[in-house]
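Got a structure for you, written out below as C-alpha cells; questions coming shortly.
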Amino acid sequence: MKGFASLSVVTSDVAAALEDADVLMVVTPATAHRNIAEMIAPHLKDGQIVVLNPGRTGGALEVAKVIQSLNPSVRPYIAEAQTLLYAARLTNPGQVHIYGVKNSVPLATLPAYEIGDVLPVIRKVLPQFVPGDNVLKTSLDNIGAVFHPAITILNAARIEDTHGDFEYYVEGVTPAVAQVLEAIDGERVAVASALGIRAHTAREWLYLAYDAAGKTLHDAMRANPGYAGIKATATMQHRYITEDVPASLVPIASIGKMLGVPTPTIRAMIQLASVMHGVDYWAEGRTVDRLGIKGMKIRPTRADVFGLVRPAVEAHTLGISSVEQILRDCGYRTVTAGAQACAAFGRPEEPSSISEIEGWIRSHRITILGFSYRLDPEDGAALFGRLARQMKARRLLSEQGGASPRSVFCRSAPDMRTGQEPEPGCGRGFSRRRDGGGDTGDPGDRSEPAAACACGGHGI
C-alpha cells in the first residue's frame, strides 16, 4: 500500500484536535491509554466516539473509568478493537510497511448495546470492523497477549545477539516455543470461560483473521503469509513486553486469580519480563482493582430467569430453540416470548411496543434477556441497540436500579461455537458445521449462524 493523505489539522493542542472530530481513533500502545484519557476528558463532547485501536485487555474499562472520574457529565461512546487491523512495521521515519490486512476485527462498545450507534460510523471508512459481543470478549480475545511477550522472551538471546535480524513469527516460533504459546492460550481461554465468555483460540483466530489453517498452532502460524518478512524486535526494550505484559498478561492473570483460574505460564512470563526489565509489572499493570472490576461476576445463577426473544423479522427458530434447550438442560428457568411480544421487539421505538416489552419482562420476572438475530450482523446490532436504548429510557436495566434485566445477550455473527460449561455437570455447547466433519486442521470451519449465550454484567 503506497500513497499520501492530506491532514486537515496537525496540532499538539488537544482541545483544537477534538473540536470538530466525530471519531477519536487512539492508535497507541495501551500503556498510553490512561494518559490520553486524562488529556481528552476535559474536552470531550456528548456523542463523540473514542476508539481504542486496539484496546488490548481492559482498555475500554480503564479509559471509561478515567473519563468518568474527570468529567462525569459527558457521555461519549467508548469502543475498543480486539486487535490492530494491520500487520505492519515502521520502516523509516514517516514510512510504514503493511504486510497484511485482517479479514475482520471485532469492535465492542462500553456498554455493549451502543455498538449499533458506533459501528455504522466506523465502517464508512474501515469496513473490516464487525460487531463484537462486549469489551470483555474483545479484551480476552487479545491474541497479542499470547504471541508477543512469550516469543520475545523466549528469543531474548537471539534478539540481543542479532539485533532482531530474523523472521519473528517464522524463525522465532519453533515447535517448543509454540508449545509455550499453546499453554498461555489455554490459560487465557480458561479465564474467559470462567466469565461465561467463549474466547477464540489462537489457532481459530489465525483462521478467522488471515485464513491461515493448521493442525497445530505452529503449523497455522507457518501457514500465514501475513507473517512472512516481519522481522523480530531489535531490542528487548520493546512494546511487546512493555505494553503487552502490563496491559495484556497482567489483567488476564489478575482476573484469573479473582475467579480461581490458575495461570502458571502467564505468571511465569510476567515474572521473567519483570526480571529482564527490572520493573515490577504487577505493580504497573491493569489489575482488577485498577480496572474497577474486582468482584465482578457474569455467570448466571439458579435464581435468574432467561427471557428468550426472536424478533418477528428473524425467520429462523432453531437457534433460539437450541439455546432454550441447553439452558433448561443446565437447570435454568426460561421463558420464550410469544408472537405479540416478539413483534414488539422488532419495533421498540413505538410506545405500544415498549409497553408490551416492559409488561412481558416484569410479569415473568425476567433477569436476563436473550435476543436472537441471524440475518445481517449490522442490522442485528442496530436493532439490539435501539431496543437497549428504549429499555434504558424506561430505566429497566439493573445498572439503573431497574427490576430487570440484569444482563443482556445477543448473537448475530456468522460463527457459533460455545465450548464452556455453564455449571458443573452441564452439557457442553453445540456447533453446527457446514462440512459436518471432524478435525481437518481447519479451526474455523465457518459454522452456520446460530444464537449464543454471552451474558454481560456491570454495564458491559
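Coordinate-derived values only; no laboratory data. All values derive from a computational prediction rather than experimental measurement. Methodologically, a virtual Cβ is constructed for each residue, glycine included, from the backbone with ideal geometry; neighbour enumeration extends over all protein chains shown.
Determine the distance separating the Cα centre of the stretch 94-136 from the Cα centre of the stretch 181-245; give it in Å without decimals.
Using only Cα atoms to place each centre, the spacing works out to 19 Å.
In which sequence would Arg123, Arg267 go, from the one with the fewest C-beta neighbours within 10 Å to the one with the most?
On the way: Arg123 15, Arg267 18.
Ordered from fewest to most neighbouring Cβ atoms within 10 Å, Arg123, Arg267 come out as Arg123, Arg267.
Rank these for me by crowding, Ser139, Ser69, Ser353, going from fewest to most other beta carbons within 10 Å.
On the way: Ser139 32, Ser69 12, Ser353 19.
Least to most surrounded, the residues fall as Ser69, Ser353, Ser139.
Let me know the shape class of the stretch 171-234, please: from the alpha-carbon gyration tensor, a ≥ b ≥ c as square roots of the eigenvalues, rounded when a/c is under 1.5, otherwise prolate if a/b is greater than b/c, or oblate.
Values: a/c = 2.09, a/b = 1.61, b/c = 1.30.
Note, shape of the stretch 171-234 comes out prolate.
For the stretch 1-141, how many pairs of lysine residues have a Cα-Cα distance under 28 Å, where the two are 8 or more positions apart or belong to different chains?
Going through the stretch 1-141 pair by pair, I get 9.
Quick check: from the Cα gyration tensor, does the stretch 144-291 come out rounded (a/c under 1.5), prolate or oblate?
Oblate.
What does the net charge come to around Ala157 if you take all other residues with beta carbon closer than 14 Å to its beta carbon, with K and R at +1 and D and E at -1? Please list the in-between numbers first.
Working: positive: Arg158; negative: Glu160, Asp161, Asp165, Glu171.
Residues close to Ala157 contribute a combined charge of -3.
Quick one: Ile143, Ile40, Ile230, fewest Cβ neighbours within 10 Å first, how do they rank? Each step should come with its number before you reach the end.
Working: Ile143 22, Ile40 25, Ile230 17.
Fewest to most other Cβ atoms nearby, the residues stand as Ile230, Ile143, Ile40.
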